[in-house]
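Undergrad: One structure coming up, written as structure tokens, with questions to follow.
The values are calculated or read from the model by the stated rules, or taken from the named source; none is laboratory data. Predicted model only: the values in this text are computed from it and were never measured. Here Cβ is always computed from backbone atoms with ideal geometry, including for glycine, and neighbour counts include all displayed protein chains. Just the protein is used for accessible areas: all its heavy atoms, side chains included, with ligands, DNA and RNA removed. Shrake-Rupley method; radii C 1.70, N 1.55, O 1.52, S 1.80 Å.
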Amino acid sequence: MSQKNDNALIVFLKYPETKKVKTRLGKDIGEQKAMELYRETASFVADSFSGSKNWTTFLFYSPKEREKEVFEWLGDKETLFFAQGTGSLGQRMSRAFEKCFSLGFRNVVIIGTDCVMITEEDVETAFSLLSGEQFEAVLGPATDGGYYLLGLCRKTDAVFQDMQWSTSRVFKETERRIKGSGLHHAVMRELSDIDEEKDISIKDIMTRDMKLAHRLERILLKGQKIRTEKNEERKPA
């Protein structure tokens with residue numbers, strides 16, 4: 001692999017299957033819609049952050065046995081593909097960081113596909129902070145208490161081991177562990193993840209990307225016209 005810079009961006013994603021992605025959102029809008037919405041947001045994030053001259057993008061996908069389907073779905077992106085492997089989220093993230101550092105990258109940032117409001121400028125900011133002499137870690141807090149971005153200048157196992165993921169304490173606990181590891185860290189702007197229906201603001205997403213907003217809106221509205229017409233048929237004359 002020809003390394004073109006010191007920066008590696010890891011995008012963590014799953015192959016979109018019903019009942020396997022966005023399970024909380026599925027309870028609000030239905031499992032099929034949740035899967036379709038995830039497919040759109042994951043594709044958008046993968047496309048938005050691939051092919052940059054300022055970093056090399058790695059797509060770490062799950063599950064491993066969906067390798068063929070993942071390549072058919074996202075294989076046209078200018079990026080490198082690796083399976084996440086087995087284990088807890090922390091174990092899989094730790095291995096992804098270790099892989100990128102072993103390839104010679106000095107600054108490694110990881111994002112997921114839950115936050116569509118993150119921009120190329122946010123990622124640029126994260127790498128800029130890590131490239132200076134002041135910060136060795138960077139965190140992007142999510143409104144639900146987690147984080148949408150984590151960047152490190154060196155592998156730090158403490159931020160991954162025995163973490164209680166998917167809780168409102170993840171950001172604060174990660175920040176505490178970073179400090180405990182003796183790392184100086186920077187905190188970026190707060191953004192929202194899409195975990196439940198209330199997290200979806202089409203108006204806000206329009207400011208990020210109009211086409212994505214329209215695609216998500218179509219998914220959310222799917223079936224509503226049919227139900228309305230059926231209800232009207234039941235009205236007494």
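Undergrad: Kindly list, by first and then second residue, each pair from a residue in region 19-45 that is touching a residue at least 24 places away in the same chain (Cβ under 8 Å) and closer than 19 Å to Gly223 by Cα to a residue that is open to solvent by 40 Å² or more (accessible area, probe 1.4 Å) and not in a helix (DSSP H, G or I), limited to pairs with Cβ atoms under 7 Å and residues at least 6 apart or on different chains.
TA: Leu25/Glu196; Asp28/Glu196; Lys33/Lys222
Undergrad: Moving on to the next point. Collect the residues in region 129-166 that are open to solvent by 60 Å² or more (accessible area, probe 1.4 Å), more than 20 Å from the chain's Cα centre (by Cα) and of a type in the set (Gly, Ala, Ser), keeping them in residue-number order.
TA: If the condition is that a residue be open to solvent by 60 Å² or more (accessible area, probe 1.4 Å), more than 20 Å from the chain's Cα centre (by Cα) and of a type in the set (Gly, Ala, Ser), then Ser131 is the only one that fits.
Undergrad: Inside region 96-148, can you point out the residues that are out of contact with any Pro (no Cβ under 7 Å at 6 or more places or on another chain) and of a type in the set (Phe, Trp, Tyr)?
TA: Selection gives Phe97, Phe101, Phe105, Phe127, Phe135, Tyr148.
Undergrad: Here's a follow-up. Quick test for you: out of Glu196, Glu190, pick the one residue that is of a type in the set (D, E, K, R), touching a Ser or Thr at 6+ places or on another chain (Cβ under 8 Å) and open to solvent by 20 Å² or more (accessible area, probe 1.4 Å).
TA: Within the list Glu196, Glu190, the selection yields Glu190.
Undergrad: Take Arg215 and tell me if it is open to solvent by 30 Å² or more (accessible area, probe 1.4 Å), modelled with pLDDT under 95, part of a helix (DSSP H, G or I) and over 30 Å from Leu129 (Cα atoms).
TA: no
Undergrad: Would you mind finding the one in Ser102, Ser52, Ser2 that is at pLDDT below 95, open to solvent by 40 Å² or more (accessible area, probe 1.4 Å) and among the hydroxyl-bearing types (Ser, Thr, Tyr)?
TA: Ser2
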